[in-house]
Structures are given as structure tokens and as C-alpha cells.
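The values are calculated or read from the model by the stated rules, or taken from the named source; none is laboratory data. Computed from a predicted structure; not experimentally measured. Cβ placement follows ideal geometry from the backbone for every residue including glycine, while neighbour counts extend to all protein chains displayed. Accessible surface areas use protein heavy atoms only, side chains included; no ligands, DNA or RNA. Shrake-Rupley method; radii C 1.70, N 1.55, O 1.52, S 1.80 Å.
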Amino acid sequence: MGSAVTHAPATEVPTTDPEPRHGPVKSPRPAALKRRGRRENLAGYLFMSPWIAGFLLLTAGPMVASLYFAFTDYNLFDAPRWIGLDNFSEMFSDPRWRHSVQVTLWYVVVGTPIKLAAALGVALLLAQKRRGQAFYRAAFYAPSLIGASVSVAIVWKAIFSDDAVVDRTQKLFGVDVGGWTGDPDLIIYSLVALTVWQFGAPMVIFLAGLKQVPRELYEAADVDGAGRFRQFWSITLPMISPVLFFNVLLETIHSFQIFSSAYIVGGGAGGNACGPADGSMVYTCYLYVQGFENSRMGLASAMAWMLLVAVALVTAVLFWSQKRWVHYEEGGR
């Protein structure tokens with residue numbers, strides 16, 4: 001009988017990878033990492049250098065210079081002379097300055113709400129699906145692109161002049177008040193009409209906010225018997241309140257900065273640069289008159305910084321008030 005063949009148990013071959021021929025890979029040294037970080041930072045600062053140079057030369061530098069000029073007597077031709085707070089005391093005692101503040105506040109308080117109301121109303125109409133929706137959106141948005149141009153302001157002045165389109169239309173309804181641009185009491189209304197006509201930008205923002213409101217909320221409100229106004233007041237406004245706050249903040253700041261349309265509609269350079277009897281003399285228009293027509297650059301710098309402080313205070317008040325009426329997601333305010 002043949003003898004049984006026995007096999008020795010197979011030994012496992014180690015599966016570990018052999019070490020590299022040149023030894024284990026070493027991690028970079030800290031000095032090499034620092035050099036690499038410096039090179040990357042240098043490349044980043046190199047790409048940022050045009051913006052940094054523009055910010056320092058065109059924004060920060062002029063701001064610091066105007067802050068210094070605000071305390072000096074400077075007329076663009078002679079060296080500035082330090083006078084302390086005289087520019088501010090003269091500014092507060094100037095009746096034309098106080099009048100410009102009143103006109104600007106009236107323009108902000110009246111023009112901004114009407115513009116936002118028109119933007120929200122049109123956005124509510126465009127949020128509904130209808131034929132030609134893209135065309136209507138573009139048509140309503142177009143004025144906000146060209147409304148701030150000088151050419152539009154010139155055309156607007158012509159429309160509201162004596163015996164022009166608006167004047168003739170008024171006469172058809174028995175209203176004979178003449179052109180608005182020649183009346184000190186009516187010219188400011190032409191500026192309000194111009195800013196309301198440019199409601200396209202806030203309209204687009206409102207439209208984006210309305211698209212984010214869940215349809216389930218309106219369906220539940222319909223089941224509960226809520227009407228259109230109740231749904232708008234209890235659902236739409238709270239849900240788009242962050243967007244509403246953004247538009248209120250942005251449009252308020254823009255209203256304080258109005259200049260080109262008021263200057264051109266008011267008459268431009270000359271004796272009535274800010275409108276007949278200063279009817280359209282908004283704050284920036286009077287600032288321009290003092291700085292460039294009267295060569296009172298020191299006083300104009302003081303007025304500019306006062307405007308900055310006023311806008312900052314209004315912005316702070318708006319941010320403080322949002323805690324009471326702006327509703328964010330997850331119940332936050």
C-alpha cells in the first residue's frame with residue numbers, strides 16, 4: 001500500500017508593501033511650508049493690488065482729505081487754513097442749508113414709500129403665471145437701468161415743462177397750473193415721479209422674494225376662508241419682510257444721495273441750479289453749489305460728512321426697528 005503524502009501548512013506571505021527604494025517619504029519641513037505660504041500670499045496680494053490701490057487712492061484717501069478740509073477754509077486754489085468748527089456753525093445757521101434738509105427729508109419720506117409700493121404691486125401681478133411674463137418683467141425693469149442717466153433727466157424736464165405733455169394733459173381735465181419744473185411748489189413732485197418710475201430694481205427683488213413663499217400657506221388659508229387681503233397681510237408680508245427690509249434700507253440710502261436728476265431738472269448751472277426759488281434744492285445739490293460754484297470746498301466737505309452721519313443714523317434706526325417687524329426663518333428676528 002502506498003504511503004500517504006502529507007503537506008506542510010502553507011506559510012502566509014506578508015502583504016505589507018516594501019519600503020520605497022529611497023526610504024520613507026518625509027513630510028515637508030516647517031521652513032518649506034512657510035516659504036510656500038509666503039509665495040501664495042504674495043500672489044494673492046499681487047492680484048488684489050489694483051483694488052487696494054484704487055481703494056486707497058480713490059476712496060480712503062479722498063475721505064481722509066475731506067475730513068481734514070471740513071475743519072479748514074479751502075477754496076481749491078489757496079492752501080487750506082485751519083478754522084476748527086466754523087464750517088459746522090455756519091452750516092447750522094444757514095437758512096438755505098436748513099431748507100435743503102427739509103426738501104431732502106420730504107423727498108425721502110414721500111418718494112421712497114410710493115416707489116416701494118409700486119414695486120411690490122407690480123411684483124405681485126408679475127408673480128402670477130400669464131402669457132408674455134418675461135416681456136413685462138423686462139419692460140418694467142428697463143427704466144431702472146436708464147432712469148439715472150443725464151439724457152433721461154433732460155427728457156423728463158422737457159415733459160414737465162410749460163406747454164409740454166404733462167401741462168397739456170392737465171388742461172384737458174381743466175387743471176391749469178402750468179409746467180411743474182417752473183413752479184417752486186411742484187418741481188419736487190416731478191422728481192418724485194421720476195424716482196417712482198424707476199421701480200424696476202426693487203420690483204425684481206420683491207419678485208424673487210415672492211417666489212420663495214410656500215404655496216401650501218395660501219392653500220391652507222383658502223381652506224380657512226381667508227380673503228386676498230388677509231392672505232397678503234398675514235402671509236405675504238411676513239414671509240417677504242427680510243426682502244422688504246433690504247429694499248427699504250437700500251432705497252432710503254439712494255434717496256438721500258439724489259443729485260443728478262435734481263440738478264438737471266432744476267436747471268443745471270446758473271442762477272437757479274437747484275430749481276426755481278430752491279424748489280428742488282436737495283442736500284447734495286446745495287453741497288455741489290457750495291463746493292464748486294461758490295468755491296467753498298471746506299464747507300462742502302463739512303456738509304458731506306454731516307450727510308454721512310445722518311445716513312448712518314437712519315441706517316442704525318432701521319436695523320434697530322427690524323427686530324419688531326422683520327421675520328426670518330425658524331422664528332428668528
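On a 1.4 Å probe surface of the protein chains, which of Ser260, Ser100 comes out largest in accessible area, and what is the full order? If you can, show how the numbers build up before the last one.
On the way: Ser260 50, Ser100 0 Å².
So, going from the largest accessible area down, we get Ser260, Ser100.
Would the range 238-309 count as rounded, prolate or oblate if I go by the C-alpha gyration tensor, calling it rounded below 1.5 in a/c and otherwise prolate when a/b exceeds b/c, oblate otherwise? Working shown, then result.
Details: a/c = 4.20, a/b = 1.87, b/c = 2.25.
Note, shape of the range 238-309 comes out oblate.
Specify whether the C-alpha gyration tensor of the chain places it in the rounded, prolate or oblate class, a ≥ b ≥ c being the square roots of the eigenvalues: rounded for a/c under 1.5, otherwise prolate if a/b is larger than b/c and oblate if not.
The shape class here is oblate.
For the chain, what is the accessible area per residue in Å² when the probe is 1.4 Å? Can you show the working numbers first?
Numbers: 21410 Å² over 333 residues.
With all protein chains present, the chain gives 64 Å² per residue.
Ordering His99, His254 by how much accessible area each has at a 1.4 Å probe, largest first, what is the list?
Details: His99 65, His254 95 Å².
Most to least solvent-accessible, the answer reads His254, His99.
Measuring from centroid to centroid over Cα atoms, what is the spacing of the range 100-174 and the range 216-260 in Å?
20 Å
Classify the range 84-159 as rounded, prolate or oblate from the Cα gyration tensor: take a ≥ b ≥ c as the square roots of its eigenvalues, call it rounded if a/c is under 1.5, otherwise prolate when a/b beats b/c and oblate if not. Don't skip to the answer; put the middle values down first.
On the way: a/c = 3.89, a/b = 2.41, b/c = 1.61.
Here the range 84-159 falls in the prolate category.
Might you work out the accessible area of Asp78 for me, using a 1.4 Å probe with all protein chains in place, and round it to the nearest 10 Å²?
That residue has around 100 Å² of solvent-accessible surface.
Between Leu67 and Ser234, 0.36 nm times their residue separation minus their Cα-Cα distance comes to what?
Details: separation 167, 0.36 × 167 = 60.12 nm, distance 4.72 nm.
Taking Leu67 through Ser234 to full extension adds about 55.4 nm, to one decimal.
Please give the solvent-accessible surface of Met63 in Å², to the nearest 10, using a probe radius of 1.4 Å with every protein chain present.
90 Å²
Using a 1.4 angstrom probe with every protein chain in place, what is the largest-first accessible-area order of Asp162, Asp183? Before the final figure, lay out the partial values.
On the way: Asp162 105, Asp183 40 Å².
Output order, biggest surface exposure first: Asp162, Asp183.
If packing is taken as the mean number of other Cβ atoms within 10 Å per residue, what is the order of 81-89, 242-250, 45-53, highest first? Numbers along the way, then the final one.
Details: 81-89: 13.7, 242-250: 18.3, 45-53: 9.8.
Taking the mean over residues of other Cβ atoms within 10 Å, the ranking is 242-250, 81-89, 45-53.
Determine the share of the chain's accessible area contributed by carbon and sulfur atoms, expressed in whole percent, with a 1.4 angstrom probe. Mind showing how you got there, number by number?
Working: 13840 of 21410 Å².
Roughly 65 percent, rounded to a whole number.
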